[in-house]
Every structure is written in C-alpha cells, then in structure tokens.
Amino acid sequence: MANNVLFIMSDEHQQKAAGCYGHSFVKTPTLDKLAKSGTRFTNAYTTSPICVPARASFATGRYVHDIGYWDNAHAYEGRVEGWGHAMQKAGMHCLSIGKLHYRSEEDPTGFSQQVVPLHIVGGEGSVSGCVKQPLGPPIKKSKLAIEIGPGESGYTRYDQSIMEKTCEWLRDEAPKHSDQPWALFCSFVCPHYPLIAPPEFYEMYPHDILEHPKGNALDYELHPWIEKMQKLNCHDDFFTKETRKIAIASYYGLCSYLDSNIKKVLDTLEACGLRDDTLIVYTADHGENLATRRLWGKSNMYEESAAIPMILSGPGVAAGKVVNTPVTLADGSATILEAVGLGKETINDGRALQEIANEPDDMNRVAFSEYHANGADTASFMIRKGNFKYIYYVDYEPELFDQENDPEEESNLATNPTYASTLADFHAELIKRIDPEAVNAEAQASQAALVKAAGGREVVLNKGSFQGTPAPGEKAEYIQ
C-alpha cells in the first residue's frame with residue numbers, strides 16, 4: 001500500500017546529540033518519542049560530510065563520485081535525475097520547504113514546488129573550497145567563534161518560518177492531494193552554526209554539565225591529513241576555554257530548538273489526520289565535530305562528523321526497534337519511492353530503509369562516504385562494515401577503528417600487525433567500488449576548471465570565502 005512521505009532533514013546534527021542515541025543530557029523529547037514509535041538506525045552515515053554533495057546524493061540516491069557534485073560549489077541542478085523526477089513523471093506532488101542547497105530555484109531539481117528555499121550563494125557557491133595543490137592560506141577570522149551564545153540569528157528565524165510553512169501546507173494544501181501519495185521534504189537548517197540559540201534553549205545547558213571536547217588539547221596528535229585541515233580551518237584557535245563552552249551549550253540548545261520545531265510539525269500532521277498514512281523519516285545531512293580534535297564543522301570521517309541520526313516511523317515500520325545494519329543518505333531516495341509506490345522506478349545506489357528495517361541485521365552491508373571539499377588537499381573515503389571503520393586518504397596513511405571496542409576512535413589499528421588482514425580486506429572492499437586515486441584526480445580536475453572559470457586562484461582567494469550560506473534575504477559576508 002502506498003503512503004505519503006514526510007522526510008525531515010536537519011543540518012549538522014551529529015548522531016550523538018540526541019537522547020534516543022544515548023546522550024546523557026541533550027534534550028530531544030520529540031525525536032526520542034519518534035524513535036520509540038518506529039525504528040532507529042544505529043550505524044547511519046552521510047555519503048559526504050559537507051552540505052552540497054550530501055544533499056545531491058540524497059536527491060539522486062547515488063554516490064558523489066558517480067554524479068560529480070564534489071563540493072559546495074558543484075551544486076545539484078537536476079542533471080542527474082532523482083526521486084523527485086520519478087514522482088513528477090508519475091503525476092505525484094512533491095515539494096520542499098526550507099534548505100535545499102542546490103544551484104538555484106529555477107533548475108529542474110524534481111520538485112513540484114519549493115517553499116522558502118535556500119540555495120548556494122549566487123548559483124556559484126564557495127569556489128574557494130575548490131582551491132587545491134596547494135591549498136589556500138589559513139582563515140584569519142572565525143565567525144563561528146564570534147557569533148555564539150543566547151539570542152536569535154537568521155537561521156533560527158528561518159527555521160521558525162520553515163516550521164510554520166510546513167504546518168500551513170499540512171493543514172491547507174495536503175487535503176487537495178488526497179487522491180494519490182505526496183512527498184514533503186521539510187529541511188531545517190539548525191543546529192548549523194552560527195551557534196546562537198534562543199535563550200530558553202541555551203539555558204537548558206549550564207556550563208558545568210558540558211563535557212570537555214575529546215582530543216582538544218594542543219598536544220593531541222592528529223592524523224597528518226586532519227592536521228593539515230585543522231591548520232587551514234583553524235576555528236578552534238579563536239576560542240577561549242569559556243567561549244568554547246558557550247558555543248557547545250549553544251549547539252546543544254539548537255538541537256533542542258530543532259526538536260521543538262519538529263514537534264510542532266508532527267503535532268500538526270497528527271491533528272490533520274495524516275499520521276496513519278504517512279511515512280516519517282528524520283535524518284541530517286552530516287554531523288558536527290564540536291571541538292573534538294580541535295575541529296569545528298564537519299569535513300572528516302570520524303563519528304562526530306560522518307555519523308547521522310536516522311529514524312523511521314509510520315505504516316509498516318516496527319515500533320521500538322533498533323537496527324544495526326549500516327545505512328546512508330543514498331538510501332533516502334529508494335525509501336521515498338518505495339513508500340509512494342514507485343519502488344520499481346528506483347535506479348540508484350541505495351535500498352529502501354523500510355525493507356532494511358524489516359530484515360535481520362546485516363553487518364556486512366557497507367556504508368560508504370567520501371570527501372573532496374574545503375580543507376582537503378586530497379580525497380578521503382570511508383568504508384563502514386561489521387565492527388570496523390576504514391578511512392583511506394589519498395597520499396596519506398589510512399586509519400582503521402574498531403567501532404565496538406573503541407567507539408571514540410582513539411586507537412588507530414592500521415599500523416597494528418594484528419589487524420593487517422582486516423586492513424587488507426577493507427582496502428579490497430574500497431577498490432572493488434572505486435579507484436580512489438582516479439576519483440581524486442577527476443574531482444580535482446573539475447575543481448581546477450571551476451577555479452579557472454572564476455578568474456583563477458588569486459582572484460578566488462582574494463575574493464575570500466563565506467562561513468555559512470546566509471538565510472534567504474540575507475547577504476553573504478566574504479572573509480579573506
């Protein structure tokens with residue numbers, strides 16, 4: 001039986017920062033209740049830990065290297081068709097409300113309607129992130145470290161609007177589409193920085209309960225690829241001990257603010273009598289480092305950045321179930337098409353989450369992710385399978401972590417002879433899927449072409465970059 005789909009995505013919500021995922025004090029009662037009513041995936045990952053590629057992968061159900069949306073300047077424009085196109089061809093209504101981070105509203109990206117959309121700046125995005133070989137200079141100013149604490153921001157106001165527009169559509173427009181299934185992509189931007197949280201949510205997190213960020217000490221040894229990125233995106237250097245706590249409290253406050261907006265949406269869905277006929281999915285595009293290893297933002301394959309929440313609830317979904325099978329954003333497209341009755345139209349790299357949820361755990365399924373964007377002078381790739389995570393860096397030594405016995409990823413087993421065969425098996429799994437050096441070369445050639453088209457390296461670097469796409473109606477602030 002076909003059903004409607006309400007697919008809710010947030011931005012930068014690390015998997016750990018939710019009560020249902022075991023956090024000791026982060027308050028997310030709505031997500032906790034949603035997980036209790038449905039199925040929660042413990043090993044869910046982004047397909048690329050940065051906004052634009054992750055969202056292009058979700059739109060198409062395909063991996064980044066296959067579609068060529070490498071970074072925050074290679075934005076989705078509908079060239080590769082996805083779940084929305086399939087629904088449109090079937091005469092079904094599909095719309096977005098909120099952040100898309102595609103190229104522009106005019107592009108044929110598969111939506112019948114876009115409400116208060118957010119796209120990349122000027123249809124161009126952040127070209128500075130395409131500068132490679134060598135990378136550009138370190139940042140000289142950090143808005144992330146300055147714009148913190150209790151208050152309002154363009155993003156919190158934007159999320160308020162997204163919530164209100166979603167509730168309005170469910171009340172006023174959904175009844176007009178009762179003749180066939182519809183899909184609503186509700187995309188919030190919180191808890192993405194600026195880390196400014198509404199005061200009532202900020203005050204939920206007094207500083208004395210906040211944990212000290214893992215690996216934040218200056219003498220903590222970083223992997224060379226990560227160290228190079230940290231020196232370029234050195235936001236943590238602009239924090240003090242006290243302001244770091246303010247930022248962390250704000251982040252958690254934004255997670256709770258997000259949860260409150262989701263509650264209003266789900267309450268409206270229920271009040272409109274649509275709950276029993278609608279599959280609800282909650283996830284995020286990627287996580288947030290939150291000062292672990294002196295890193296902020298995303299852009300790496302550690303759990304804080306690459307792991308995401310994934311919750312499924314609705315018709316045919318078991319209540320209170322926990323699934324350990326690895327899944328990714330690439331499964332989102334198949335999930336939507338299966339729910340609305342177009343499963344046969346699925347031509348992608350993913351599988352429907354409702355199918356995976358109704359099967360026994362398959363720890364041999366692979367979650368794959370890749371990163372080619374800002375701060376990386378070469379590509380990184382992740383294979384999550386069984387109890388292990390393998391991270392391959394082009395031109396650097398790999399990392400291997402035992403996720404069961406070392407969930408904080410503090411012991412790299414790649415140099416341990418005991419795990420030599422495991423390392424070889426995981427590398428073979430990677431090579432079976434891609435040629436990492438060839439993919440890296442392809443990405444960097446495309447990025448070099450984009451930099452050249454924008455006037456060349458010096459022009460791009462002199463223009464500066466913006467730290468976060470502004471909310472609709474606000475102007476991007478370029479920082480050199």
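Brief remarks on what is shown
- Only residues that are assigned to a loop (DSSP other than H, G, I, E, B) and surrounded by fewer than 24 Cβ atoms within 10 Å (Cβ to Cβ) were counted in the stretch 73-100, giving 8.
- Beta carbons closer than 6 Å, at least 6 apart along the sequence or on distinct chains, never pair a first residue in the stretch 211-227 that is aliphatic (A, V, I, L, M) and part of a loop (DSSP other than H, G, I, E, B) with a second that is at pLDDT below 95 and surrounded by 13 or more Cβ atoms within 10 Å (Cβ to Cβ).
- Residue match in the stretch 243-259 (condition: without any contact (Cβ under 8 Å) to a residue 40 or more places away in the chain, under 29 Å from His207 (Cβ atoms), among the β-branched types (Val, Ile, Thr) and surrounded by fewer than 19 Cβ atoms within 10 Å (Cβ to Cβ)): no
- Those residues of the stretch 174-192 which are assigned to a loop (DSSP other than H, G, I, E, B) and over 30 Å from Glu152 (Cα atoms), in sequence order: Ser178, Asp179, Gln180, Pro181
- For beta carbons closer than 6 Å, sequence separation of 6+ or different chains, a first residue in the stretch 18-44 that is free of Cβ contacts under 8 Å to residues at least 24 places away in the same chain and a second that is of a type in the set (Lys, Arg), the qualifying pairs are His23/Lys16.
- Residue in the stretch 389-448 that is surrounded by the fewest Cβ atoms within 10 Å (Cβ to Cβ), counting only those that are β-branched (Val, Ile, Thr) and in a loop (DSSP other than H, G, I, E, B): Thr415
- Checking each residue in the stretch 316-330 for being modelled with pLDDT of 95 or more and either surrounded by fewer than 24 Cβ atoms within 10 Å (Cβ to Cβ) or closer than 15 Å to Gly38 by Cβ (or both) picks out Val317, Ala318, Ala319, Gly320, Lys321, Val322, Val323, Asn324, Thr325, Val327.
- Just so you know, in the stretch 25-71 the residues that are charged (D, E, K, R) and surrounded by 24 or more Cβ atoms within 10 Å (Cβ to Cβ) include one that is farthest from the chain's Cα centre (by Cα), and it is Arg40.
- Tallying residues that are in contact (Cβ under 8 Å) with a residue 60 or more places away in the chain, out of contact with any Gly (no Cβ under 9 Å at 6 or more places or on another chain) and more than 16 Å from Asn374 (Cα to Cα) within the stretch 446-476 yields 1.
- Residues (touching a Phe, Trp or Tyr at 6+ places or on another chain (Cβ under 7 Å) and closer than 14 Å to His223 by Cα) located in the stretch 413-434: Leu413
- Residue in the stretch 461-480 that is modelled with pLDDT of 95 or more, surrounded by 13 or more Cβ atoms within 10 Å (Cβ to Cβ), part of a helix (DSSP H, G or I) and touching a strand residue (DSSP E or B) at 6+ places or on another chain (Cβ under 7 Å) present: no
- Annotation: of all residues in the stretch 220-242 being of a type in the set (Phe, Trp, Tyr) and surrounded by 15 or more Cβ atoms within 10 Å (Cβ to Cβ), the one that is farthest from Glu168 (Cα to Cα) is Trp225.
- Residues in the stretch 1-15 that are over 8 Å from the mean Cα position of the chain (by Cα) and either assigned to a strand (DSSP E or B) or among the polar types (S, T, N, Q) (or both): Asn3, Asn4, Val5, Leu6, Phe7, Ile8, Met9, Gln14, Gln15.
- In the stretch 290-347, residue farthest from Asp402 (Cα to Cα) [restricted to those that are polar (S, T, N, Q) and part of a loop (DSSP other than H, G, I, E, B)]: Thr346
- Residue pairs whose Cβ atoms lie under 6 Å apart, sitting 6 or more positions apart in sequence or on different chains, and linking a residue in the stretch 417-440 that is touching a residue at least 60 places away in the same chain (Cβ under 8 Å) to a partner that is β-branched (Val, Ile, Thr), are Glu429/Ile383; Asn440/Thr378; Asn440/Val394.
- Matching residues, the stretch 19-44, being assigned to a loop (DSSP other than H, G, I, E, B) and within 23 Å of Met363 (Cα to Cα): Gly22, Gly38, Thr42, Asn43
- Residue match in the stretch 51-71 (condition: out of contact with any helix residue (DSSP H, G or I) (no Cβ under 8 Å at 6 or more places or on another chain) and over 29 Å from Ile226 (Cβ atoms)): no
The values are calculated or read from the model by the stated rules, or taken from the named source; none is laboratory data. Since the structure is predicted, the reported quantities are computational estimates derived from the model, not experimental observations. Because the Cβ atoms are built from the backbone with ideal geometry, glycine has one as well, and the counts that use them run over all protein chains shown.
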